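Below is one structure; the comments refer to it alone.
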């Protein structure tokens, strides 16, 4: 704060959430650093564009510590941070991985950007490999592979070391590394393997054999039911349900609470997987997959819970004010999200704590 001609000015305050910031008009961000995946030995740039009265000084921190500049690490004239030859480890240092934020300061005060997490691209070994199967002719085969890549690896499948023809409607590829083969035939017998690729590497899983045997009567069985999912609004939910039996069971879906699943944005993948495009909060619930033997009441069920969350967003932002000395200033910040967001107030880049002349109320004023 400062005194000028008997007027008491309160520097602009910053209300921070994981999804953004709210600022006064004197100094504001046009672009803040975003989470990014870096590739080892390549250059990385993090944006920090600010508008306000000049001169404006932009500085950067990593993991809350001021970032020293060097020929390899530079702050460009527009505030962008440039890191040459991104490294996981360096001699005497933890490397370049971490959380970055930029600070902008002029005569009105100081603002701190959101924290951007910088990850290193990687593709470790598979932690789940496909397993060989014996399947009756006309039945269903399911192979799965799992690998934790950064960024998420693109998964494809090979049969006898040749890329699988995904145009065949009997093949269903799910994004969680699952390959389903329905209506299995003798020509499907062979050796399958999973291929994972991202910007860091390409890896091949162990091979798994599919052996096709003669038809026989079998009760309906759900080979793989829906898993519990937690997604963000506007993402796509895929609930797996693959059932086998002879005769082939009929797969249907319902909600445990009895509410209608609806038809908009709903699609069935393969012979029973449920895909919900552009999920909303209303899609949260427990979903029931049922496999019925045709012409009978015999059925098997499996349950999976879908939780849809909404990222925090501001409904009301604090506004800059000027008050006479001894007066009171009220700043209001309102946000919503699922789960309910936690609000933090900053003054000149530092966390604001309640004191003798500062009060934070339940509605975050």
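The values are calculated or read from the model by the stated rules, or taken from the named source; none is laboratory data. Quick caveat, the model's predicted, so the values are computed rather than measured. Cβ placement follows ideal geometry from the backbone for every residue including glycine, while neighbour counts extend to all protein chains displayed.
Checking residue 217 against (1) under 22 Å from residue 184 (Cα atoms); (2) loosely packed, with under 14 Cβ neighbours inside 10 Å; (3) modelled with pLDDT of 90 or more, which single condition isn't satisfied?
(3) is the only condition that residue 217 fails.
Of the numbered conditions (1) over 28 Å from residue 349 (Cα atoms); (2) surrounded by fewer than 17 Cβ atoms within 10 Å (Cβ to Cβ); (3) out of contact with any strand residue (DSSP E or B) (no Cβ under 7 Å at 6 or more places or on another chain), residue 70 satisfies every one except a single condition; which is it?
Against the list (1) over 28 Å from residue 349 (Cα atoms); (2) surrounded by fewer than 17 Cβ atoms within 10 Å (Cβ to Cβ); (3) out of contact with any strand residue (DSSP E or B) (no Cβ under 7 Å at 6 or more places or on another chain), residue 70 comes up short only on (1).
Take the residues in region 73-84 that are in contact with a strand residue (DSSP E or B) (Cβ under 9 Å, 6 or more places away or on another chain) and part of a loop (DSSP other than H, G, I, E, B); name whichever of them is surrounded by the most Cβ atoms within 10 Å (Cβ to Cβ).
Of everything passing the filter in region 73-84, 79 is surrounded by the most Cβ atoms within 10 Å (Cβ to Cβ).
Return the residue satisfying two criteria in turn: it lies in region 118-136 and is buried (at least 16 other Cβ atoms within 10 Å of the Cβ) and more than 25 Å from the chain's Cα centre (by Cα), and of such residues it is nearest to residue 45 (Cα to Cα).
Going through the qualifying residues, I end up with 130.
Does residue 111 satisfy being part of a strand (DSSP E or B) and surrounded by fewer than 18 Cβ atoms within 10 Å (Cβ to Cβ)?
No.
Given the condition at positive phi and over 33 Å from the mean Cα position of the chain (by Cα), answer yes or no: does some residue in region 235-247 qualify?
Yes: one or more hits.
Can you tell me which residue among 277, 322 is modelled with pLDDT of 90 or more and either touching a helix residue (DSSP H, G or I) at 6+ places or on another chain (Cβ under 6 Å) or surrounded by fewer than 16 Cβ atoms within 10 Å (Cβ to Cβ) (or both)?
From the options 277, 322, the qualifying one is 277.
Going through region 114-163 one residue at a time, which ones are closer than 30 Å to residue 321 by Cα and part of a loop (DSSP other than H, G, I, E, B)?
Residues satisfying the conditions are 114, 115.
Table: residues versus (1) part of a strand (DSSP E or B); (2) within 30 Å of residue 280 (Cα to Cα); (3) assigned by TED's automatic domain parsing to the domain that holds residue 139.
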| residue | (1), (2), (3) |
| --- | --- |
| 168 | no, no, yes |
| 187 | no, no, yes |
| 191 | yes, no, yes |
| 209 | yes, no, yes |
| 231 | yes, yes, no |
| 251 | yes, yes, no |
| 254 | yes, yes, no |
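Of all residues being touching a residue at least 40 places away in the same chain (Cβ under 8 Å) and outside any loop (DSSP other than H, G, I, E, B) in region 257-277, which is nearest to the chain's Cα centre (by Cα)? Just the residue, please.
Result: 276.
With the checklist (1) over 30 Å from residue 40 (Cβ atoms); (2) surrounded by 15 or more Cβ atoms within 10 Å (Cβ to Cβ) in hand, flag the one item residue 228 doesn't pass.
(2)
Answer with yes or no whether residue 360 is under 30 Å from residue 102 (Cβ atoms) and in contact (Cβ under 8 Å) with a residue 60 or more places away in the chain.
no
Can you give me the number of residues within region 278-310 that are assigned to a loop (DSSP other than H, G, I, E, B) and either out of contact with any strand residue (DSSP E or B) (no Cβ under 7 Å at 6 or more places or on another chain) or closer than 30 Å to residue 218 by Cα (or both)?
Residues that pass the stated criteria total 7.
Okay, residues lined up against (1) farther than 20 Å from residue 103 by Cα; (2) outside the structural domain of residue 111 (by TED's automatic domain parsing); (3) touching a strand residue (DSSP E or B) at 6+ places or on another chain (Cβ under 6 Å); (4) not in a strand (DSSP E or B):
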residue	(1), (2), (3), (4)
312	yes, yes, yes, no
323	yes, yes, yes, no
327	yes, yes, no, yes
337	yes, no, yes, no
341	yes, no, yes, yes
346	no, no, yes, no
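Taking the options 144, 105, name whichever one is buried (at least 19 other Cβ atoms within 10 Å of the Cβ), within 30 Å of residue 171 (Cα to Cα) and either touching a residue at least 24 places away in the same chain (Cβ under 8 Å) or in contact with a helix residue (DSSP H, G or I) (Cβ under 7 Å, 6 or more places away or on another chain) (or both).
Just a single option satisfies the conditions, and that option is 144.
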